[in-house]
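Reading through the C-alpha cells given below for one structure.
The values are calculated or read from the model by the stated rules, or taken from the named source; none is laboratory data. Just so you know, these numbers come straight off a predicted model, no measurement behind them. Glycine also receives a Cβ, built like all others from the backbone with ideal geometry; neighbour counts cover every protein chain displayed.
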Amino acid sequence: MKVTEPGGHILRRFDEDMRKLQKRVLKMGRLVREQMNGLHTAFGGDNEYSTDQVVESDRSVDLLEIKVDKFIIRLLARRSPVGWDLRFIVTASRIVTDLERLGDETVQMARVLSREYGNLGQCNGRAVEDEVRELLALLIEVFDQAMLAFRDYDYRAAKELAEGKTGPDGEIHQRMQNLSACTLVEGGDVSHAVNLVLILRSMERGLRYVQNIGEHVIYLAIGKDVRHKGI
C-alpha cells in the first residue's frame, strides 16, 4: 500500500512550501546518514574519515534542524494548514527531532571510539570493533528504509518498521545481546565493558529513533498516533 498526497492546493506557493519542507527533511536525513557512514568507516580503521569529522559534522545537522523548525513555524503562521497538510507538517517536525537525536548518538559512539579504538576487547576471538562495524551497517540499512518510507509516504513499509519486523531490525537486537553477553563471560578490563555498554546503548537508542520515523509516517498516512503503544 502506498499512500499518496492529495491533490494540489489552490495556492501553488503552498505546494512549493510543502515540497521544500520534505526536501529539507530528506537533506537532514542524508547528513545524518553521512555521519553514520563516517563512523562505519572509522570503525574499520580507515583514516580517510576520522571520528573528529563525525563529531564536527553534527554542527551541520544541528543548524539544519533550526532552519527547518523556523520554516515550519512560518508555514503554520502563513497557511493555517488542516487535515493531511497539518499531519505532514507535524510528521516532518517529529522526524527532524529524531534525526537530530540519532546524530547525537552517532557522535557519542564516535567519541568513545576516538578514545578507545583497538582497546574495546575481544569477543569469540574477534575484535569488538569489527562486530560493532557490522551492527552499524545494519542500522544504516534500517535507516534507509525509514527515510524511503517518508519520501514515498509508504504506510506498509512504515508499519513493518515500527513493529520491528524488518530483517535487519531483529538481527541488530540479537547481535547486541550476544556482544553484551560475550563481554560478561570473557571478563577482562572493566573499561572495555563500560565503553562497549556506552556504544551499545547509543546504538539501541539510535534504532529506537529510526523506528520512531516509521511511527511518524503511520501518523501521516492514516492520522493515527501509534507512539508508545501497539500498532
task: Would you check if THR97 is surrounded by 13 or more Cβ atoms within 10 Å (Cβ to Cβ), among the β-branched types (Val, Ile, Thr) and closer than 30 Å to LEU113 by Cα?
output: yes
- request: With the condition kept exactly as written, say whether any residue in region 36-52 is closer than 27 Å to SER180 by Cβ, touching a Lys or Arg at 6+ places or on another chain (Cβ under 8 Å) and at pLDDT 95 or above.
  value: no
- prompt: Say we look at region 80-130 and pick out the residues that are among the hydroxyl-bearing types (Ser, Thr, Tyr) and in contact with a helix residue (DSSP H, G or I) (Cβ under 8 Å, 6 or more places away or on another chain); which of these is farthest from VAL217 (Cα to Cα)?
  reply: TYR117
field: Criterion (without any contact (Cβ under 8 Å) to a residue 40 or more places away in the chain, within 22 Å of HIS173 (Cβ to Cβ) and either of a type outside the set (Lys, Arg) or crowded, with 22+ Cβ neighbours inside 10 Å (or both)) met by exactly one of LEU138, LEU120
entry: LEU138
message: From the list ILE72, ILE95, exactly one residue is among the β-branched types (Val, Ile, Thr), in contact (Cβ under 8 Å) with a residue 12 or more places away in the chain, part of a helix (DSSP H, G or I) and within 19 Å of GLU16 (Cβ to Cβ). Which is it?
response: ILE72
- prompt: For LYS165, are the conditions met, namely being part of a loop (DSSP other than H, G, I, E, B) and either within 22 Å of ARG33 (Cα to Cα) or among the polar types (S, T, N, Q) (or both)?
  reply: yes
